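Report on one structure; see the data block that follows.
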Amino acid sequence: MEQFSSFQGYGDDVTGQLGLIWQQLKAPLIVPVLRLLVVLCLAMSVMLFFERVYMGVVIVFVKLFGRKPEKKYKWETIKDDVELGNSAYPMVLVQIPMYNEREVYQLSIGAACGLSWPSDRIIVQVLDDSTDPTIKDLVELECQRWASKGINIKYEIRDNRNGYKAGALKEGMNHSYVKQCDYVAIFDADFQPEPDFLWRTIPFLVHNPEIALVQARWKFVNADECLMTRMQEMSLDYHFTVEQEVGSATYAFFGFNGTAGVWRISALNESGGWKDRTTVEDMDLAVRASLRGWKFVYLADLKVKNELPSTFKAYRYQQHRWSCGPANLFKKMAMEILRNKRVSLQKKLYVICSFFFVRKIVAHIVTFVFYCVVLPATVFVPEVEVPKWGAVYIPSIITLLNAVGTPRSLHLLVFWILFENVMSLHRTKATFIGLLETRRVNEWVVTEKLGDALKTKLGVKAPKKLRIRIGERLHLLELAAGAYLFFCGCYDLAFGNNRYFIFLFLQSMAFFIAGVGYVGTFVPNA
């Protein structure tokens, strides 16, 4: 009993000392720093709010009064010419970059070879960077199979993976037969264009010499596979329904999505070709082409089927690349954009402020820092108040404006908010890696595609003992964030007046669920 009493007394002393230190630091240091962070976060929230409202207003006007691309630009079907024959049709190169795509290579090659276009005016180029010799043999055999059917298909490999996708595309353009091509269509290995894709896109380029790029929309074949893919659909639908549409209609500029698009080869070359200085080679090329005065067209009605990453590991890697790359590109190109004299000041401000700064940097940082760090911290410091308009009203409006792109998933809005906040942890980290150019800045991990493999594996009888590697399923950053939010929620419930604890407990649960890997599809090792 005496030992217990002494131990309890020691604990009380430590607690008292910590409390004293907290009180001494609170007024001169913690309160001013927290107030500054609140002001910065509110400023970023206001930026994001005005950007979302602006985009919403513009898209309403575009939908109500805007002319469709077919009316805005000259578009007419390419007609047969008796004298010229098939030479009246431009020569089109179709590139399919791939890397160990065992599950989807047949789908992508088959879709590309099924494109409706004069057979002597199209070249399908498979750029295989696979390191697995078995997969390389399978892809080469598939190309030979289509070649035996009369398809002009080229199987190209490299002896290295320098530059990853950008390097493969760049080397693919160096082959002698490409010189006869006018346009290049690009499809990632999981994309399946409809047969009429070229008939609907090429006329824009043929009849409008100022257009460099025609971009199609993505259609997700596995959006209903799991809750995580539904969340991705909500985020990407806003991008395609609003961001790409507004950029195309108002500035003839948007970020190339890296696939499901057709480039004018002369514009691609004039803009400097493919560069591997960041992990967003597609956005890099689009910005450089825009600075040279080229215009882009987005076709919202033309959809190309593709696959969303359905495992949490694959999605995290993808989001790291998609967040780190734009931030790094912004750092490299901000001054070049400002000094450019070929485009208007309005367009330069749009690219720098809206396209890069607000969407690619502010949106990621404010989501995590404000809602997962600063707002929870205020429960310990009642002297620091967050106005209701900043804590509730603005976030609610931003969330609703983001969600309008996917009406069928409005009932999942709460889950989407919690999931986006979890992912903002990785996006924020990746954004700072890109801005500071620290390690992992050029990390490129190919997004895993499952194709029909998941159905096959789930159909296999499960082993009696399911082996789970703990290290692969546990994510320490998410668990740490979840613990912090849970502690804040408990303190707010016991001592606070903010009533943030409901949000804090829900958000901590979301981080804990992600932290133990219970997100997305689990693929058994069968």
Of all DSSP beta bridges in the chain, what percent run antiparallel (nearest 5)?
-> 30 percent
Based on the alpha-carbon gyration tensor of segment 158-262, what equivalent-ellipsoid semi-axes (square roots of 5 times the eigenvalues) come out, in whole Å, largest first?
-> 26, 21, 13
What is the dipole size for the chain, taken about its Cα centre, with +1 at each Lys and Arg Cβ and -1 at each Asp and Glu Cβ, in debye to the nearest 20?
-> 660 debye
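How high is the FRET efficiency from TYR491 to VAL46, r the C-beta distance, R0 22 Å, rounded to 0.05?
Using R0 = 22 Å, I get an efficiency of 0.20.
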Considering amide H positions built from the backbone, and no H for Pro or chain starts, which residues 5 or more places from LYS219, or on another chain, come under 5 Å of its amide H?
-> VAL304, LYS305, ASN306
Please give the length that would be gained between VAL221 and ILE513 if that part of the chain were fully extended, namely 0.36 nm times their separation in residues minus their C-alpha to C-alpha distance (nm, one decimal).
-> 102.6 nm
Considering only VAL57, TYR89, TYR73, whose Cα is most displaced toward the positive end of the charge dipole of segment 47-92, charges sitting on Cβ of Lys, Arg (+1) and Asp, Glu (-1)?
-> VAL57
Rg and Dmax of segment 134-216 over Cα atoms: what are they, in angstrom?
-> 14.9, 44
Cβ-Cβ FRET estimate between ASN269 and GLU437, R0 fixed at 30 Å, reported to 0.05 = 0.60
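Hey, what's the Cα Rg ratio for the chain versus the globular rule of thumb, 2.2 N^0.38 Å?
Details: Rg = 26.1 Å, N = 526, 2.2 N^0.38 = 23.8 Å.
Relative to the 2.2 N^0.38 Å estimate, the chain comes out at 1.10.
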Determine the order of VAL381, VAL39 by accessible area, beginning with the largest, at a probe radius of 1.4 Å.
-> VAL39, VAL381
1.4 Å probe accessible area per residue over the chain, in Å² = 48 Å²
Lysines near LYS303 by alpha-carbon distance under 17 Å, same-chain residues fewer than 8 away left out - which ones?
-> LYS68, LYS219
Report the extension gain between ASP80 and ILE502 in nm, rounded to one decimal, defined as 0.36 nm multiplied by the number of residues separating them, less their alpha carbon distance.
-> 145.3 nm
Sorting ILE265, ILE513 by accessible area (1.4 Å probe), largest first, what list results?
-> ILE513, ILE265
Sort largest first and round to whole Å: the equivalent ellipsoid semi-axes of segment 314-404, each the square root of five times a Cα gyration tensor eigenvalue.
-> 31, 17, 14
Quick one: of the DSSP bridges fully inside segment 88-311, what percent are antiparallel, nearest 5?
-> 25 percent
Which is farthest toward the positive dipole end of segment 88-311 among GLN180, ILE122, ALA111, measuring Cα position about the Cα centre, with Cβ charges +1 (Lys, Arg) and -1 (Asp, Glu)?
-> GLN180
What is the distance, in nm, between label points placed 7 Å from the Cα along the Cα-to-Cβ direction at ALA334 and at VAL445?
-> 2.9 nm
Enumerate the calculated ³J(HN,Hα) couplings along segment 434-439 in order (Karplus 6.51 cos²θ - 1.76 cosθ + 1.60, θ = phi - 60°), each rounded to whole Hz, writing x wherever the residue is Gly or Pro.
-> x, 5, 8, 6, 8, 4
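Give me the percent of accessible area attributable to carbon and sulfur for the chain, probe 1.4 angstrom.
60 percent
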Spread of Cα-to-Cα distances over 10 Å intervals beginning at zero, given as percent, for segment 88-311 = 8, 34, 39, 18, 2
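The values are calculated or read from the model by the stated rules, or taken from the named source; none is laboratory data. All values derive from a computational prediction rather than experimental measurement. Virtual Cβ from ideal backbone geometry, glycine too; neighbours counted across all protein chains shown. Quick note on the areas: whole protein, heavy atoms, side chains included, nothing else; ligands and nucleic acids left out. Shrake-Rupley method; radii C 1.70, N 1.55, O 1.52, S 1.80 Å.
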